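Asks: First the structure, then my questions, so here it is.
Every number here is computed from the coordinates shown, using simple stated rules; none is lab data. The structure presented is a predicted model; accordingly, all values stated were derived computationally and were not measured. All Cβ positions, glycine included, derive from the backbone under ideal geometry; neighbour counts span all protein chains shown.
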Amino acid sequence: MLPAEFKDNPMWMPPVETKRLLVRPFLLQDLADVYRILDVETMQEPRELAERETWLRWTIAGYSEYARMYQFPYGDRAIVLRETGDLVGVVGFVPCLDSFAQIPGMTKLAGQDDGVPQKTNAEVGLFWATTPTHQREGIATEAAELLVEYAFSHFHLERLIATTSFDNAASIGVMHKLRMRIERNPFDEPSWLQVVGILENSDGKSG
């Protein structure tokens with residue numbers, strides 16, 4: 001699983017696990033499962049199978065390319081049940097560029113006033129999705145906790161965020177279980193930036 005060239009590269013993220021779950025890089029043979037989870041079952045912006053294959057190849061290539069450039073290990077990873085080997089979800093780090101300065105509790109940019117459009121800034125985000133047959137089992141929370149622990153302990157990241165819509169109670173529930181502070185966008189725009197979960201690194205270290 002670990003390419004020889006990255007043996008001593010601190011930016012390569014290895015598989016992480018609990019007694020129940022394994023979170024590992026995707027493989028090309030995961031295509032059918034990831035297509036089922038992200039496009040057929042969840043129906044969130046479904047893609048054609050060929051498009052999902054392009055995404056999967058890009059995701060797999062990204063693991064080594066980010067490490068080669070000594071960058072943060074962005075990208076989605078497979079959530080696998082260790083007992084059966086079944087792929088039951090997706091979890092990952094995503095780069096987020098948005099108007100986070102207008103979200104209560106997030107640092108506003110200098111020179112910005114309330115009630116006017118805010119400049120954008122970048123955050124490291126968490127993404128998760130699980131197959132409906134394994135929802136309400138704590139799998140998304142457990143997998144996300146592994147990434148939180150790795151990001152905070154290994155990279156000393158200052159904070160992580162997650163975003164969702166006002167009506168996504170399941171996602172907001174995961175945010176609460178991760179002990180994120182939940183903030184709502186007080187403005188109508190941008191329309192896609194509605195709920196933000198914020199989790200600060202409490203160990204006193206930052207990158």
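Asks: At 7 Å along Cα-to-Cβ for each site, give me the label-to-label distance between Ser191 and Arg68 in nm.
Replies: A separation of 4.0 nm, rounded to one decimal place.
Asks: Does anyone have the angle between helix 139-154 and the longest principal axis of the chain? Alpha-carbon axes, 0 to 90°, nearest 10?
Replies: Roughly 80 degrees between the two axes.
Asks: Between Thr84 and Glu137, 0.36 nm times their residue separation minus their Cα-Cα distance comes to what? All intermediate terms of the calculation are to be shown ahead of the outcome.
Replies: Values: separation 53, 0.36 × 53 = 19.08 nm, distance 1.56 nm.
Residue separation times 0.36 nm, minus the Cα-Cα distance, leaves 17.5 nm.
Asks: Compute the Cα gyration tensor for segment 1-101, then decide on rounded, prolate or oblate, letting a ≥ b ≥ c be the square roots of its eigenvalues: rounded whenever a/c is under 1.5, prolate when a/b is larger than b/c in the other cases, and oblate in all that remain.
Replies: Cα axes put segment 1-101 in the oblate bin.
Asks: Neighbour counts of other C-beta atoms within 10 Å: give me Ser165, Ser202 arranged from fewest to most.
Replies: Fewest to most other Cβ atoms nearby, the residues stand as Ser202, Ser165.
Asks: Would you mind ranking Lys19, Lys119 so that the residue whose beta carbon has the fewest other beta carbons within 10 Å leads the list?
Replies: Final ranking by Cβ density, sparse to dense: Lys19, Lys119.
Asks: To the nearest 20 Debye, how big is the dipole of the chain about its Cα centre, given +1 on the beta carbon of each Lys and Arg and -1 on that of each Asp and Glu?
Replies: Values: 20 positive and 30 negative charges, 96 e Å.
Dipole about the Cα centre, nearest 20: 460 debye.
Asks: Moving to a separate point now. Which length gain, in nm to one decimal place, applies between Glu41 and Leu97 when the Cα-Cα distance is subtracted from 0.36 nm times their residue separation?
Replies: Fully extending the segment from Glu41 to Leu97 adds 17.4 nm.
Asks: Simple spin-label model, 7 Å along Cα-to-Cβ: Asn168 to Glu149 in nm?
Replies: Modelled inter-label distance: 2.5 nm.
Asks: What Kirkwood Rh does the chain have if only Cα atoms enter the pairwise 1/r average? Answer in Å.
Replies: 18.1
Asks: Sticking with this structure for a sec: Suppose the chain between Ser202 and Glu48 were pulled fully straight at 0.36 nm per residue; how much longer would it get relative to their current alpha carbon spacing? Don't skip to the end; give the middle numbers.
Replies: On the way: separation 154, 0.36 × 154 = 55.44 nm, distance 4.16 nm.
Extra length available between Ser202 and Glu48 comes to 51.3 nm.
Asks: Let me ask another. Residue farthest toward the positive end of the dipole of the chain, with Cβ of Lys/Arg at +1 and Asp/Glu at -1: which of Ala129, Phe187, His156?
Replies: After comparing all options, I get His156.
Asks: I would also like to ask the following. With 10 angstrom as the radius, rank Met180, Met106, Met69, Met175 by how many other C-beta atoms surround their C-beta, starting from the fewest.
Replies: Working: Met180 22, Met106 19, Met69 9, Met175 25.
The order, fewest Cβ neighbours first, is Met69, Met106, Met180, Met175.
Asks: Obtain the nm distance between the two label points defined at Ile182 and Ala32 by a simple spin-label model: each point lies 7 Å from its Cα along the Cα-to-C-beta direction.
Replies: If labels sit at Ile182 and Ala32, their model points lie 3.8 nm apart.
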